[in-house]
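Okay, so here's the structure we're looking at.
The values are calculated or read from the model by the stated rules, or taken from the named source; none is laboratory data. In this text the structure is predicted, and so the values were computed from the model without any measurement. As a convention, Cβ positions derive from the backbone with ideal geometry for all residues, glycine included, and neighbour counts pool all protein chains shown. Heavy atoms of the whole protein, side chains included, go into the accessibility calculation; ligands, DNA and RNA do not. Shrake-Rupley method; radii C 1.70, N 1.55, O 1.52, S 1.80 Å.
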Amino acid sequence: QVRLVESGGGLEQVGGSLRLSCTASGSILSVSYMTWYRKAPEKEREMVAAISSSGNANYVDSVKGRFTISRDNAKNTTYLQMNSLRPEDTAVYYCNARIISSAGLGPYDYWGQGTQVTVSS
């Protein structure tokens, strides 16, 4: 059984910062890509940032220079540091991880439950 748990969302003012965390736990052999997505009301889900196991990161253009993704492989945890927040960053943020289980099954994509980020102007 593999589980992803996110934390760190909340309400922040424009220009403020928030840090999201996502930890994968359970019967895990390896975690390759870890990715943050977001879903705003009446908008399509979009990839925000992704990081490989070696630390290579990619970002959607709208967050470049403001958001930083990182990970701690020993803890199977990824972080999303969000600075200079804007109202358009308001969304539910989901963590995704591509995981091979201890039984050698996969890789399969697992999802967290989502955490709300609200940026007020």
### Task
Would you mind finding the one in 4, 11, 29, 20 that is touching a Ser or Thr at 6+ places or on another chain (Cβ under 9 Å), surrounded by fewer than 13 Cβ atoms within 10 Å (Cβ to Cβ) and not β-branched (Val, Ile, Thr)?
11
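Need at least 3 residues that are of a type in the set (Gly, Ala, Ser) per element, so show me which strands (runs of 3 or more DSSP E) inside region 42-121 make the cut, counting only ones lying wholly within it. Walk me through it before giving the result.
Numbers: elements: 46-51, 57-59, 67-72, 77-82, 91-101, 108-111, 115-120.
Qualifying strands (runs of 3 or more DSSP E): 91-101.
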### Summary
For region 30-55, pairs from a residue that is among the β-branched types (Val, Ile, Thr) to a residue that is not in a strand (DSSP E or B), with Cβ under 7 Å and 6 or more apart or across chains, are 31/53; 31/76; 48/60; 48/63
### Residue pairs meeting the criteria (Cβ under 9 Å; at least 6 apart or on separate chains; first at positive phi, in region 98-116; second open to solvent by less than 40 Å² (accessible area, probe 1.4 Å) and part of a loop (DSSP other than H, G, I, E, B))
114/9
### Task
Identify the residue in region 46-100 that is open to solvent by less than 50 Å² (accessible area, probe 1.4 Å) and among the acidic types (Asp, Glu) and, among all such residues, is farthest from residue 32 (Cα to Cα).
89
